[in-house]
1. Rank the residues Ile246, Ile305 as a footprinting-exposure proxy: fewest other Cβ atoms within 10 Å of their Cβ go first.
2. Where does each of Lys105, Lys44 land when they are ranked from fewest to most other beta-carbon atoms within 10 angstrom?
3. Starting from the Cα-Cα distance between Ile39 and Glu319, subtract it from 0.36 nm times their residue separation and give me the gain in nm to one decimal.
4. Net charge near Ile51: determine it from the other residues with C-beta under 15 Å of the C-beta of Ile51, scoring Lys and Arg +1 and Asp and Glu -1.
5. State whether region 209-267 is rounded, prolate or oblate according to the following rule on the C-alpha gyration tensor (a ≥ b ≥ c being the square roots of its eigenvalues): a/c under 1.5 gives rounded; otherwise a/b larger than b/c gives prolate, and the remaining case gives oblate.
6. Got the relative contact order for region 79-229 handy, in percent, Cα pairs under 8 Å and 6 or more residues apart?
7. Under DSSP H, which helices of the chain have Cα atoms covering 18 Å or more of the helix axis and a Kyte-Doolittle average no less than -0.5?
8. Cα-Cα over 28 Å: which of Lys44/Lys177; Lys48/Lys177; Lys112/Lys248?
Amino acid sequence: MHANNISYILLFYDKITLFKGHNIEALISVATIYFFIVIGFIVKRTFKERIDQTSFILLNLYFLQPILIFWGLTRAPLNFEFVIVPVLYFVIIFICLGLMLLVYKSIFSDSKDQSVFLASSLVGNTGNLGIPLGIALFGVASVPYTSILNIANVFFIYIFSVYFFAKEQFSFAQAFKSIFKIPAIWFSVIAVAFNYYQLPINEHFNRVLEMGSYTAIVMQLIIFGIYLSEIKVKTTNWKLSGHITIVKQLVLPIVGLGVVLMTNLDGYVASILLMELMVPLAVNNVNLAALYNCRPHDVTTAILITSIAFIALIYFYLEVIQYFFGAH
């Protein structure tokens with residue numbers, strides 16, 4: 001064989017090996033994130049009723065989450081990508097929602113199955129998992145983007161998901177009003193104002209924000225584990241969970257990739273956006289399903305199944321991100 005051909009083959013082999021090595025390292029980073037989820041799972045299984053997840057949720061929602069949002073949105077100056085990322089997120093979400101509205105009645109005859117399918121399939125775990133996963137894969141520089149995407153996700157779940165979960169007893173206008181009761185929304189507005197006007201943040205205060213933010217991330221993961229510990233696999237609605245998983249883990253990422261490839265979005269930012277589209281269902285789905293008596297156990301099971309699917313597909317996801325954008 002010609003010497004030049006051998007050198008090309010060796011060079012190609014080196015690139016493939018490096019490519020695989022990087023993704024295995026990223027996969028290990030993802031696995032370390034699940035350590036805290038396992039802690040939450042074990043704690044709830046061990047201490048049962050002595051662990052009240054509602055207290056954790058309230059502490060996180062009203063105090064630690066606002067700190068995390070403020071810290072995340074003041075980490076880097078505003079730029080074009082910071083503004084366009086949530087816009088693209090909504091474009092992708094609404095394309096998928098439109099597709100679902102075309103087929104949901106032909107898939108499900110039960111009205112509550114229809115509601116759960118429409119309400120939860122597109123709501124990813126952008127906070128509990130997305131923010132820490134972004135740090136693990138892309139570094140702290142990803143926090144502003146994962147934070148703003150989490151805010152976009154919050155808007156969607158508290159307007160559209162709330163409406164679908166309780167459309168027989170809850171108006172769209174009421175759903176829209178409820179979103180302004182969430183502290184994270186107001187803190188995000190304040191944070192964007194700080195960022196836009198370049199207001200200085202004292203280094204000691206910034207250290208407190210950082211401590212609170214990492215505490216919020218750890219608590220989010222533990223809460224996720226607590227919820228997963230309460231799932232009863234024997235009562236699984238496989239048809240509902242299966243279709244939700246197909247939409248969340250396949251349709252949404254594919255549509256997202258297609259939309260992103262039609263833009264000139266920076267590869268690093270595009271990778272973060274795709275990662276946030278790939279994360280499994282959000283725990284907030286269970287809260288809303290329970291609140292409006294709309295199959296909360298089925299929703300919880302769907303969270304578990306999409307989480308298992310995410311773990312099974314994460315290496316492939318990373319390969320796709322690396323192939324198209326060369327970033328992780």
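1. Values: Ile246 14, Ile305 23.
Fewest-to-most Cβ neighbours within 10 Å comes out as Ile246, Ile305.
2. Lys105, Lys44
3. Roughly 97.9 nm would be gained on extension.
4. Surrounding charge for Ile51 is +1.
5. oblate
6. 23
7. 3-47, 80-107, 143-156, 183-196, 203-228, 296-325
8. Values: Lys44/Lys177 34 Å; Lys48/Lys177 35 Å; Lys112/Lys248 19 Å.
Over 28 Å apart, Cα to Cα: Lys44/Lys177; Lys48/Lys177.
All of the numbers you see were taken from the coordinates with simple rules; none came from a lab. Quick caveat: nothing in here was measured; it's all calculated off a predicted structure. Cβ atoms come from the backbone with ideal geometry, glycine included; neighbour counts cover every protein chain shown.
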